[in-house]
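Working notes for the structure below.
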Amino acid sequence: MTGLLLLGRALRQGFYGTLALLLGLFVFELIVPPVARDVGTEQLDPVLESLPPAIQAITRSSPDLIVGQGIQGYLTVGFTSPVFLLMICAGVIAFTSGLAAEMERGSIQLALSRSVSRLTVYGARVVGAIVLAAAFAATGPLGILVGLGLIDTDEPIDRMALLPTAAGIFALLLAVSGVTLCLSALGRASGQVVGWSISWLVASYFIDYFATLWSALQPFTPLSVFNYFDPTATLVRAEWSSDNLLVLGAIGVVGFVAGGIVFRLRDLPG
Amino acid sequence: MTDDAVIRVERLTRRYGRRLAVDALDLTVPPGTIYGFLGPNGAGKTTTIRALLGFLRPTSGRTLIHGHDSWRDGLAARARLGYLVESGALYADMSGSAQLDFAARLSQGAPVLQDRILDALELDRDVLSRRLGTYSKGMRQKLALTAAFQTDPDVLILDEPTDGLDPLVQRRFEDLLRERVAAGRTILMSSHDLAEVERICGHVAIIRDGRLVADQPVDELIRRRLRVAEIRSPASLGAGLATVPGVRVTGSDGGRHRITIEGDLQPLLAFLGQHPVEDLIISPPRLEDVFFGFYGDTSGREDPR
């Protein structure tokens with residue numbers, strides 16, 4: 001019961017901000033199918049192919065997979081855009097850095113000065129992070145689904161491909177949540193944790209980005225979390241990439257467990 | 001050391017890097033007492049309290065509440081504990097009543113004393129429906145106190161409990177503390193208000209540089225410490241006064257001499273009997289004098305009354 005009470009409190013903090021992000025994400029995805037239809041994939045294909053490699057890399061667009069796939073191919077833009085990544089990562093980072101915010105403000109003492117274990121407090125954050133990751137993972141594909149419902153097209157679109165896409169987003173967010181919660185358990189202030197987490201994601205993004213332009217960076221791509229997130233392939237081929245899901249899931253689990261151990265043993269900041 | 005101690009600190013040592021915050025501290029708080037815990041900032045009070053709450057791990061030694069180790073067996077140690085959190089730690093986005101409900105549910109106890117505390121602290125029920133972000137510092141402190149007391153915990157740890165309360169409410173709060181102790185509860189409180197500690201605490205511990213320098217009933221501590229006196233005399237008494245056993249001259253200003261007296265008054269009275277004296281004011285010893293005596297600050301101060 002105490003765990004549920006703490007989970008409810010954690011989720012209510014920043015609730016409206018999270019809701020706004022989810023709504024924004026839904027609308028962002030919702031407009032992808034109408035835009036792809038209205039602009040016309042025949043017009044978009046040559047534009048995409050003519051993009052310089054640097055732009056292709058930073059937008060994570062893959063002409064070899066998208067071109068010729070019609071609307072189905074352009075739906076991937078909704079999941080590879082930096083705006084999308086920013087929105088989903090901001091949502092879970094804000095929540096998972098909340099543990100450090102509670103330590104910083106001292107609010108965590110309300111629970112920990114009573115007969116509530118640190119693992120209960122931490123566990124509530126883990127469950128909350130998983131719930132939020134699921135919410136963000138579901139919202140994007142849901143927006144696409146509703147957007148597809150709004151357009152009138154004869155093209156065959158594999159809506160079931162959105163399921164492995166959602167799974168990939170969920171796994172990515174699990175990894176981001178796990179690492180950020182671990183940093184939160186280590187940190188003293190939420191600003192510090194947000195800074196560390198964003199730095200890690202930006203570094204990951206740029207390793208992934210520059211590796212496509214500079215082959216010397218290729219050996220380092222396994223270090224990037226985005227190396228294991230490929231919604232384009234997933235959505236176009238409608239395939240479950242179990243390797244990517246496993247790696248991202250493992251990063252998340254290791255982060256959650258390591259954070260739990262740290263939080264159990266650390267001194268609370270005074 | 002009594003076996004029925006509610007709070008016990010055993011050889012508690014805590015280092016922060018190379019800095020020694022608490023050094024082999026021993027404390028025993030018996031049941032049914034208000035135990036004052038005094039020391040200036042940095043003396044080790046907060047570190048000791050945080051160790052008691054299980055917020056930090058001792059470098060060595062241990063702290064126990066009802067016989068349960070605060071670090072190793074924290075859930076049992078805190079099972080019947082009330083702690084006054086800093087008012088800034090309350091959730092600003094919650095209403096006062098939601099905050100109290102949240103705290104009571106975390107304590108897993110019914111808020112049986114909530115009305116009694118709200119009345120004593122004069123916190124209007126109407127205010128409770130407002131978000132904490134709109135509260136003044138004093139109102140937040142009252143709410144934090146209510147949250148700490150409302151489930152009638154056996155043990156209360158209060159850090160600066162009257163900070164932000166107006167004097168009238170402070171007195172009502174002191175009555176409340178006495179009432180809880182009469183009901184068998186045990187209270188450990190730290191305060192910078194030495195007069196307040198003197199009024200309400202039965203026992204006091206003074207900590208300096210992480211070490212315990214006094215741990216006695218307040219009356220006993222005061223009795224064996226210094227009295228402060230002022231003598232007005234047309235004669236020059238300074239040099240002679242300094243030779244009287246137990247007397248120390250802390251200041252002379254023309255015919256006014258300020259002294260401290262330790263122990264028996266007879267030698268001083270005998271000395272004054274041989275000299276013309278216009279006035280003699282002996283102030284009863286106070287906790288403040290005792291405290292500053294331990295901190296070696298008495299000589300620099302004017303008569304504190």
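The values are calculated or read from the model by the stated rules, or taken from the named source; none is laboratory data. For clarity, every value in this text was computed on a predicted model and none was experimentally measured. In this analysis, Cβ positions are derived from the backbone assuming ideal geometry, glycine residues included, and neighbour counts consider all displayed protein chains.
Structure notes:
- Checking each residue in the range B:208-251 for being in a loop (DSSP other than H, G, I, E, B) and surrounded by fewer than 15 Cβ atoms within 10 Å (Cβ to Cβ) picks out B:Asp209, B:Arg224, B:Pro234, B:Ala235, B:Ser236, B:Ala242, B:Thr243, B:Pro245.
- Top-ranked residue in the range B:2-26 [being hydroxyl-bearing (Ser, Thr, Tyr) and loosely packed, with under 15 Cβ neighbours inside 10 Å; ranked as farthest from the chain's Cα centre (by Cα)]: B:Tyr16
- Within the range A:16-31, no residue that is closer than 13 Å to A:Leu85 by Cα and in contact (Cβ under 8 Å) with a residue 60 or more places away in the chain sits with its Cβ atom under 6 Å from a residue that is charged (D, E, K, R) and surrounded by 19 or more Cβ atoms within 10 Å (Cβ to Cβ) at 6+ positions apart or across chains.
- Within the range A:106-123, being in a loop (DSSP other than H, G, I, E, B) and more than 18 Å from A:Leu181 (Cα to Cα) holds for A:Ser113, A:Arg114, A:Ser115, A:Val116.
- Residue count for the range B:60-97, restricted to those that are within 11 Å of another protein chain (Cβ to nearest Cβ), touching a residue at least 24 places away in the same chain (Cβ under 8 Å) and not hydrophobic (A, V, I, L, M, F, W, C): 9.
- For B:Phe55, the criteria (1) closer than 19 Å to B:Leu27 by Cα; (2) in contact (Cβ under 8 Å) with a residue 24 or more places away in the chain; (3) aromatic (Phe, Trp, Tyr) hold in every case but one, which is (2).
- Of all residues in the range B:1-47 being hydroxyl-bearing (Ser, Thr, Tyr) and over 19 Å from B:Gly202 (Cβ atoms), the one that is modelled with the highest pLDDT: B:Thr13
- Entirely in the range B:104-182, the helices (runs of 4 or more DSSP H) that have 3 or more residues that are loosely packed, with under 15 Cβ neighbours inside 10 Å: B:167-182
- So B:Gly184, is it at positive phi, small (Gly, Ala, Ser) and away from chain A (no Cβ under 14 Å): yes
- Residue identified as more than 14 Å from chain B (Cβ to nearest Cβ) and either touching a Leu at 6+ places or on another chain (Cβ under 9 Å) or not aliphatic (A, V, I, L, M) (or both) among A:Ala250, A:Ala211, A:Ala189: A:Ala211
- Taken over the range B:252-279, the residue count meeting the criterion of being part of a strand (DSSP E or B) and without any contact (Cβ under 8 Å) to a residue 24 or more places away in the chain is 2.
- Filtered residues of the range A:176-212 (kept if in contact with a Gly (Cβ under 8 Å, 6 or more places away or on another chain) and among the small types (Gly, Ala, Ser)): A:Ser177, A:Gly178, A:Ser184, A:Ala185, A:Ser190
- Filter result for A:Leu213 (at pLDDT below 85 and in a loop (DSSP other than H, G, I, E, B)): yes
- Yes/no for A:Arg118 being in contact with a helix residue (DSSP H, G or I) (Cβ under 6 Å, 6 or more places away or on another chain) and within 14 Å of chain B (Cβ to nearest Cβ): yes
- Count of the range B:80-100 residues which are crowded, with 18+ Cβ neighbours inside 10 Å and in a loop (DSSP other than H, G, I, E, B): 6
- Test for B:Ser283: is it among the hydroxyl-bearing types (Ser, Thr, Tyr) and free of Cβ contacts under 8 Å to residues at least 24 places away in the same chain: no
- Subset of the range B:98-108 [of a type in the set (Gly, Ala, Ser) and facing chain A (nearest Cβ under 8 Å)]: B:Ala103, B:Ser107
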